[in-house]
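Accompanying notes for the structure given below.
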Amino acid sequence: MRLARARLVAGRELRAERAQPDGLAAALGLVAILVFTESLLVGPAVAAAPGIAAALLWIALALATILAVTRSFDRELEDDALEALLVLPDGRDALYAGKLIAATLLLLVVALGGTALTIYLLDLEVALPFHLLLVTLVGALALPPLVTLYVAVSLRLRARALVVPLLALPALLPQLIAVSAGVTAAIAGDGGASLAWCGLLFAAALASAIAGFTIGPAAIE
């Protein structure tokens, strides 16, 4: 029953995004602008270095995740639908899980699009495309749990647009370091290091998911 309600919340979120894809468009636009602007700031030669390119991309994707998840919860507040969901049996669990599922699927699209755009803009030569795809997919699983948790915790705060990045970005440092290192290794052709970082990233994603499902639903008010 709880899983069925979570699927309903996720499905409703994805249908709303398809009808008005402002979250997806904003996330993709933010990633494109940040990658382009940051590459101009550090210079094309520096930005094209695998380590710098990976870090620039995933910092942009972390900010895009915060933007998309915040927009998702704002939609519930604007439509006055939050209270109706919370009064249902297991409503908090279903709301958190549904938002997390939708955010993860959205980030998968944005991460794949952002990675392709970064490769094109910076003219990168990827030595191990499969490894890069694997790290990107695991990275897209690793970011949403903590972001969704911190958005849920700060849902009723007036300054949540400021509070969420301040809380989430430091907490995401292990994931950002792991995914950046894994992407760097994939671009450079070091398959063993890429898979090792991918394993650490998956462990961080699992720990984040457990923490999120333990704390997140109870934090929603």
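Restricting to region 114-134, name every residue that is farther than 22 Å from Ser39 by Cα and crowded, with 19+ Cβ neighbours inside 10 Å.
Scanning region 114-134 gives a single hit, His131.
Give Leu201, Leu169 a once-over and let me know the one that is within 16 Å of the chain's Cα centre (by Cα), more than 16 Å from Ala53 (Cα to Cα) and crowded, with 20+ Cβ neighbours inside 10 Å. Give the derivation first.
Numbers: Leu169 fails: crowded, with 20+ Cβ neighbours inside 10 Å.
Only one candidate qualifies: Leu201.
Test each condition in (1) small (Gly, Ala, Ser); (2) under 25 Å from Pro50 (Cβ atoms); (3) buried (at least 18 other Cβ atoms within 10 Å of the Cβ) for Ala209 and report the one that comes out false.
It is condition (2) that Ala209 fails.
Given the conditions (1) at pLDDT 75 or above; (2) buried (at least 18 other Cβ atoms within 10 Å of the Cβ); (3) within 27 Å of Ala94 (Cα to Cα), report the number of the one that Pro50 does not fulfil.
In the conditions (1) at pLDDT 75 or above; (2) buried (at least 18 other Cβ atoms within 10 Å of the Cβ); (3) within 27 Å of Ala94 (Cα to Cα), Pro50 misses (3) alone.
Please state which one of Ala142, Ala111, Ala94 is touching a Lys or Arg at 6+ places or on another chain (Cβ under 7 Å), aliphatic (A, V, I, L, M) and buried (at least 24 other Cβ atoms within 10 Å of the Cβ). Write out each step before concluding.
Values: Ala142 fails: touching a Lys or Arg at 6+ places or on another chain (Cβ under 7 Å); Ala111 fails: touching a Lys or Arg at 6+ places or on another chain (Cβ under 7 Å).
Within the list Ala142, Ala111, Ala94, the selection yields Ala94.
Any residue that is of a type in the set (Gly, Ala, Ser) and at pLDDT 90 or above - is there at least one of those in region 129-141?
Step one: filter region 129-141 for residues of a type in the set (Gly, Ala, Ser), giving 139-140.
Add one more test, that the residue is at pLDDT 90 or above, and what stays is 139-140.
Looking for residues that are of a type in the set (Gly, Ala, Ser) and at pLDDT 90 or above, one finds at least one in region 129-141, hence yes.
I'm checking my understanding of the structure. Among residues of region 136-167 that are touching a residue at least 40 places away in the same chain (Cβ under 8 Å) and not hydrophobic (A, V, I, L, M, F, W, C), which one is nearest to Leu117 (Cα to Cα)?
Thr136
Scan region 8-25 and tell me whether some residue there is in contact with an Asp or Glu (Cβ under 9 Å, 6 or more places away or on another chain), more than 22 Å from Ala111 (Cα to Cα) and either assigned to a helix (DSSP H, G or I) or at pLDDT 75 or above (or both).
No, that holds for no residue.
Looking only at region 66-90, which residues are more than 29 Å from Ala54 (Cβ to Cβ), part of a helix (DSSP H, G or I) and either among the charged types (D, E, K, R) or at pLDDT below 65 (or both)?
Those that are more than 29 Å from Ala54 (Cβ to Cβ), part of a helix (DSSP H, G or I) and either among the charged types (D, E, K, R) or at pLDDT below 65 (or both): Asp74, Arg75, Glu76, Glu78, Leu82, Glu83, Ala84, Leu85, Leu86.
Within region 28-65, how many residues are aliphatic (A, V, I, L, M) and outside any helix (DSSP H, G or I)?
Narrowing region 28-65 to residues aliphatic (A, V, I, L, M): 28, 30-35, 40-42, 45-49, 52-57, 59-64.
After this cut, where a residue has to be outside any helix (DSSP H, G or I) as well, the list is 48-49.
So the count comes out to 2.
Can you tell me which residue among Leu157, Leu149, Leu167 is in contact with a helix residue (DSSP H, G or I) (Cβ under 8 Å, 6 or more places away or on another chain), modelled with pLDDT of 85 or more and farther than 30 Å from Leu195 by Cβ? Steps first, answer last, please.
Values: Leu157 fails: modelled with pLDDT of 85 or more; Leu149 fails: farther than 30 Å from Leu195 by Cβ.
Just one listed residue meets the conditions, Leu167.
The values are calculated or read from the model by the stated rules, or taken from the named source; none is laboratory data. Please read these numbers as outputs of a predicted model, since none were measured by experiment. For neighbour counting, all protein chains shown are included, and Cβ atoms are generated from backbone atoms with ideal geometry for every residue, glycine included.
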